[in-house]
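Student: Once you've had a glance at the structure underneath, I'll fire off some questions.
Read the figures in this text as sums done on the coordinates, not as results from a lab. Since the model is a prediction, treat every value here as computed from it, not as a measurement. Every residue, glycine among them, receives a Cβ derived from its backbone with ideal geometry; neighbour counts consider all protein chains shown.
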Amino acid sequence: MGKKYRGNVPNNMTNMMKQAQKLQKQIEETQTKIEETEFVASSGGGAVEIKANGKKEILSVKIDEDIIKDGDSEMIEDMILVAVNDVLTKVSEETESQMSKLTGGINIPGF
């Protein structure tokens, strides 16, 4: 009987549990870091700028006064839509990239 037991749990099981707890802590820390990060996207050559955080909350919308003066509301709406979608894509890509580093590419539901 060469196996060492800690209570009723084999050592390798204890080590796996420690590794899982460590990974969970790293995931939580990474999520917090991403949520606190600000992401920026623009469209129309910078005429519209959208800022969001890692929680996918829009923090600010900036619209250049010159395009407002032109009065083309459809163009402004399109530029806002493009910038919003771009900033949300950036958040998703960064989240996926950071989590993939931790999980080795394994998709863990909820992250």
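Student: Could you give me the ³J(HN,Hα) list for region 65-74, computed from phi with Karplus coefficients 6.51, -1.76, 1.60 and θ = phi - 60°, whole Hz, x at Gly and Pro?
Tutor: In residue order, the calculated couplings are 4, 4, 6, 5, 4, 5, x, 8, 5, 5 Hz.
Student: Let me ask something additional. I need the calculated FRET efficiency for the pair Lys62 and Thr103, taking r as the beta carbon distance and R₀ as 25 Å, to the nearest 0.05.
Tutor: Using R0 = 25 Å, I get an efficiency of 0.10.
Student: Whole-Hz Karplus ³J(HN,Hα) for region 16-21, in order, using 6.51 cos²θ - 1.76 cosθ + 1.60 and θ = phi - 60°, x for Gly and Pro?
Tutor: In residue order, the calculated couplings are 5, 5, 5, 5, 5, 5 Hz.
Student: Could you compute the net charge surrounding Asn85? Neighbours are other residues with a C-beta less than 13 Å from the C-beta of Asn85; K and R count +1, D and E count -1.
Tutor: Numbers: positive: Lys56, Lys90; negative: Glu77, Asp78, Asp86, Glu93.
Net charge around Asn85: -2.
Student: Next question, about the same structure. Kirkwood Rh over alpha-carbon pairs of region 37-109, then Stokes-Einstein at 25 °C and 0.890 mPa s: what D in µm² s⁻¹, rounded to an integer?
Tutor: After rounding, the answer is 184 µm²/s.
Student: Between beta-carbons, use under 12 Å as the cut-off and find the net charge around Gly46, counting Lys and Arg +1, Asp and Glu -1.
Tutor: That sum, taken over residues with Cβ under 12 Å, equals -2.
Student: While we're here: Once phi is turned into θ = phi - 60°, what whole-Hz ³J(HN,Hα) does the Karplus curve with 6.51, -1.76 and 1.60 give for every residue of region 88-96, x standing for Gly and Pro?
Tutor: Values, residue by residue: 5, 5, 4, 4, 4, 5, 5, 4, 4 Hz.
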